[in-house]
Amino acid sequence: MAKVPKLEPIAPRVWLLRGGLLRNMNAYLIEDGDGVVVFDTGEKGMAGAIAAAGARLGGINAVVLGHADTDHRGSAPELSKVAPVLCHPDAVAEAQGSGGRSYWHMERLPTAIRMLHRFAHRFIWDGGPVRIADTVAVGDTIAGFEVVDLAGHAPGQIGLWRASDGVALVSDTVYLTTMSGRPADAHVPHEAYNLDTAAARDSIRRLAALRPKIVAVGHLGPMIGPDVVGELERAAG
């Protein structure tokens, strides 16, 4: 089994596992009874580390995809061998199909970034289609978190919200990286990768309205500190 990389505690019962070449691919492990729920799975090369981390925490009870893009479902096919993979009903087609490719507009990206991303999505990030064992709905409770609607960047994108301490796991609702993966101020994802950019901005506004204290995103982060809400409001534009 793969060596377990460092797990970062970001909130009570919530652990962050970073992966990828730039360590900017995030998967989250939420303690759930005697095991854990995995939220998002990063790229395919992270599967062994996620499985090992899950085993160390008692075993993986379920894998929940925040959305089905290739760099979030990446490890899910391998992890589906040990636990059921769940997502929102509107994300099923992409999770079991193209992983977002059906609605991306790659032509809107700069040429160098377009070429880099096409290579990375195909050969580094994506583990391929994953069988979805069941779906989750807005309002459901998962490991003490409420499922919330954050669609816009991707169909059926969801977050997990814990009102008791203001913790939000939000997948790609907001970006903290440039297109080349470098740190950046919080912003709405690039329109080339959005199903509906206006809806994506609305999701950031709804997230800000929850007044979160910790926002755990899909890449880098988490967002924490006295100006989290302000950062979200500025990102929504």
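Residues to consider are Ala83, Ala52, Ala68, Ala62; find the one that is touching a Leu at 6+ places or on another chain (Cβ under 8 Å) and of a type in the set (Gly, Ala, Ser).
Only one candidate passes the filter, namely Ala62.
Please verify whether the range 120-129 includes one or more residues that are surrounded by fewer than 15 Cβ atoms within 10 Å (Cβ to Cβ), charged (D, E, K, R), at pLDDT 95 or above and more than 13 Å from the chain's Cα centre (by Cα).
Looking through the range 120-129, none of the residues is surrounded by fewer than 15 Cβ atoms within 10 Å (Cβ to Cβ), charged (D, E, K, R), at pLDDT 95 or above and more than 13 Å from the chain's Cα centre (by Cα).
Only residues that are in contact with a helix residue (DSSP H, G or I) (Cβ under 8 Å, 6 or more places away or on another chain), surrounded by 14 or more Cβ atoms within 10 Å (Cβ to Cβ) and not in a loop (DSSP other than H, G, I, E, B): list them for the range 101-117, please.
Met106, Arg114, His117
Under 6 Å by Cβ, and 6 or more places apart or on different chains, what pairs join a residue from the range 54-65 that is closer than 14 Å to Leu160 by Cα with one that is crowded, with 21+ Cβ neighbours inside 10 Å and of a type outside the set (A, V, I, L, M)?
These pairs meet every condition: Val64/Phe39; Leu65/Arg73; Leu65/Cys87.
Need pairs with beta-carbon distance below 6 Å; first residue closer than 22 Å to Arg118 by Cβ and within the range 81-100, second assigned to a helix (DSSP H, G or I); sequence gap 6+ or separate chains.
Once the first residue is closer than 22 Å to Arg118 by Cβ and sits in the range 81-100, its partners that are assigned to a helix (DSSP H, G or I) give Gly100/Glu94.
Considering only residues of the range 228-237 that are more than 18 Å from the chain's Cα centre (by Cα) and modelled with pLDDT of 95 or more, which is surrounded by the most Cβ atoms within 10 Å (Cβ to Cβ)?
Val228
The values are calculated or read from the model by the stated rules, or taken from the named source; none is laboratory data. From a predicted model like this one, the values you see are computed outputs, not experimental measurements. As a convention, Cβ positions derive from the backbone with ideal geometry for all residues, glycine included, and neighbour counts pool all protein chains shown.
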